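In what follows, a structure is listed as structure tokens, so that the remarks can point back to it.
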Amino acid sequence: MKIEHVAIWVKDIERMKEFYIHYFGAESNSLYVNEKKGFASYFLTFSSRTRLEIMKKVGVNEPALPEQLGWAHVAFSVGSKEEVDRLTENIRVDGYTVRGNPRTTGDGYYESVIEDPEGNVIEITI
């Protein structure tokens with residue numbers, strides 16, 4: 001069994017698509033639009049074939065609280081400590097929030113913690 005995809009509501013679907021393409025190497029399908037429902041989405045596919053669906057819908061506007069029950073973060077494995085460090089620094093220099101600098105955690109992961117353009121938490125790990 002594998003997770004086929006996860007989905008996230010977004011405000012600025014084009015900006016979010018470009019973020020995941022630029023920093024995480026995603027490939028995007030064409031924009032799907034259902035005008036009757038006020039809904040649009042992209043499927044972003046990563047090199048592992050894992051997919052992230054970014055969705056926008058009329059009326060879905062309020063961000064989730066920083067910490068609440070439900071999904072907490074998504075983690076991207078980038079293959080090496082050097083790549084964790086490099087990607088984290090690029091994201092910082094480009095003006096995005098770095099919540100946690102690269103480090104080895106108590107459970108043995110080497111990771112950093114960043115936010116995407118809409119404040120969703122991402123771990124960058126080996």
- prompt: DSSP loop chymotrypsin sites (Phe, Trp or Tyr not before Pro) in region 45-113 with at most 12 other Cβ atoms within 10 Å of their Cβ, which ones?
  reply: 71
message: Counting only protein heavy atoms and a 1.4 Å probe, tell me what percentage of region 45-126's accessible area is made up of carbon and sulfur.
response: 50 percent
- request: Please sort by residue number the trypsin sites (Lys or Arg not before Pro) in region 84-117 whose DSSP state is loop and whose Cβ has at most 12 other Cβ atoms within 10 Å.
  value: none
- prompt: Taking the Cα centre of region 1-47 as the origin, how large is its charge dipole in debye, to the nearest 20, when only Lys and Arg (+1) and Asp and Glu (-1) carry charge on their Cβ atoms?
  reply: 160 debye
- prompt: Looking at the chain from every direction and averaging, what is the projected area of its Cα convex hull in nm²?
  reply: 8.8 nm²
query: Just for the chain, what percent of DSSP beta bridges are antiparallel, to the closest 5?
result: 70 percent
query: Just the accessible area for residue 93, please: 1.4 Å probe, Å², rounded to the nearest 10?
result: 100 Å²
statement: The Cα radius of gyration of region 10-54, divided by 2.2 N^0.38 Å with N its residue count, comes to 1.15
query: Counting Lys +1, Arg +1, Asp -1, Glu -1, what net charge surrounds residue 39 among other residues with beta carbon under 9 Å of its beta carbon?
result: +3
message: Need one number: % antiparallel among DSSP beta bridges in region 56-126, to the nearest 5.
response: 70 percent
- request: May I ask you to compute the full-extension gain from residue 13 to residue 1, defined as 0.36 nm times their residue separation minus their alpha-carbon distance, rounded to one decimal in nm?
  value: 1.4 nm
- request: Can you tell me the dipole magnitude for the chain around its Cα centre, using point charges on the Cβ only (Lys, Arg +1; Asp, Glu -1), in Debye to the nearest 20?
  value: 380 debye
- prompt: Taking a label point 7 Å from the Cα of residue 126 along the Cα→Cβ vector, which residues of region 17-52 have an amide N closer than 12 Å to it?
  reply: none
message: Keeping every protein chain present and rolling a 1.4 Å probe, give me the accessible area per residue for the chain in Å².
response: 66 Å²
- prompt: Taking 0.36 nm per intervening residue step and subtracting the Cα-Cα distance, what contour gain separates residue 62 from residue 80 on full extension?
  reply: 2.9 nm
- request: Give me the lysines in straight-line cross-link reach of residue 36: C-alpha distance below 21 Å, same-chain residues under 8 apart excluded.
  value: 11, 56, 57
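The values are calculated or read from the model by the stated rules, or taken from the named source; none is laboratory data. None of these values were measured; they are calculated from a predicted model. When we count neighbours, we look across all protein chains shown, and the Cβ atoms used for this are built from the backbone with ideal geometry, even at glycine. Note: areas computed on protein heavy atoms with side chains; ligands, DNA, RNA excluded. Shrake-Rupley method; radii C 1.70, N 1.55, O 1.52, S 1.80 Å.
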